[in-house]
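Worksheet: the structure to be examined is printed underneath.
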Amino acid sequence: GLPDDVASLERAKVLADSLLAIEPSPHPGSTVGLAALTGRAHEAARRARKHPTEAIPGPSGLAPDLTALLVFAAFGGPADSLDRLTGTVDRRIASIGSPGERDDLRAWLGLPTSLAFATHPLPGRERSAGDWLVAAQLAAETGESAAARDSLLSRGTVANDNYPFNRTLDALFAEASLWSAIGEPGAVVEWLDPTLNVLPQIPGQISQVERTTSLVRIAALRAEAAAELGHHADAARWARAVTILWSDADPFLAPRVERMRRLAACESC
């Protein structure tokens, strides 16, 4: 339904709420994405802890905390949860005896680090600077916008011709949010739209919690970029989608949702 089919978006929200209300859930792992889609970060993290993602390296006992960190990073908050989990994860990684396992885990942390950057940069993020996107974000943070821009342009140059189908939503959000951070809303639109235009044709994009959450954050980012460019009707259509899906999201998301409500009401401002 994104972004214009309001009836479909409202139905998706009702269906998600209904499935989340079933206790115990017959398919608890698959409902993590539904909690993410509707802005319930704490509920998504609670369910994700019970069904950690299989892509996490290192000891299995660390997977619940790492998965919860990924969930909250994908939402960009709340800040206290992100800081607490980052500290816990850092201490547990430091206690691992195998240097190879420690390196693998710190490399994996590039993903939550890049997702959290837009709203609450993680403490100790310089440890993930081996990741090109985290390095570019750190450059932007220290005023080196040209270096960040060059990194993004290099990333675009090496993309395949069919890159709209190959970009995952989590990476797409993190990259586009960096364009936003260096003050280029036109680049945000150019970066997002090729994938957004073919979104219904891309399978499996909302089967992972970080991608589901990124989908709604992308809609919000697209609305903000349109508003900065003075494209108010375009901003309203994307903002409206966020207000539907996150209509009763966790309280820490309220300022973002309220901002989307204002944009949605301003089609001809």
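The values are calculated or read from the model by the stated rules, or taken from the named source; none is laboratory data. Not measured: the values here are computed from a predicted model. Neighbour counts run over all protein chains shown; Cβ positions are idealised from the backbone, glycine included. Side chains included, ligands, DNA and RNA excluded: accessible areas come from the protein's heavy atoms. Shrake-Rupley method; radii C 1.70, N 1.55, O 1.52, S 1.80 Å.
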For this session: Determine, yes or no, whether residue 136 is open to solvent by 40 Å² or more (accessible area, probe 1.4 Å) and touching a helix residue (DSSP H, G or I) at 6+ places or on another chain (Cβ under 9 Å).
Result: no
Seminar exercise, completed: Just one listed residue, out of 151, 180, is open to solvent by 20 Å² or more (accessible area, probe 1.4 Å), polar (S, T, N, Q), without any contact (Cβ under 8 Å) to a residue 60 or more places away in the chain and part of a helix (DSSP H, G or I), and it is 151
For this session: Would you tally the residues in region 92-132 being of a type in the set (Lys, Arg), at pLDDT 85 or above and closer than 24 Å to residue 44 by Cα?
Result: 2
Seminar exercise, completed: All conditions in (1) open to solvent by less than 30 Å² (accessible area, probe 1.4 Å); (2) at pLDDT 90 or above; (3) over 22 Å from residue 36 (Cβ atoms) are true of residue 146 except (1)
Exercise. For residue 125, all conditions in the list (1) of a type in the set (D, E, K, R); (2) more than 25 Å from residue 216 (Cα to Cα); (3) buried (at least 19 other Cβ atoms within 10 Å of the Cβ) hold save one; what is the number of the exception?
Worked result: (2)
For this session: Can you confirm whether region 162-173 contains a residue that is more than 21 Å from residue 214 (Cβ to Cβ) and either touching an Asp or Glu at 6+ places or on another chain (Cβ under 6 Å) or open to solvent by 70 Å² or more (accessible area, probe 1.4 Å) (or both)?
Result: no
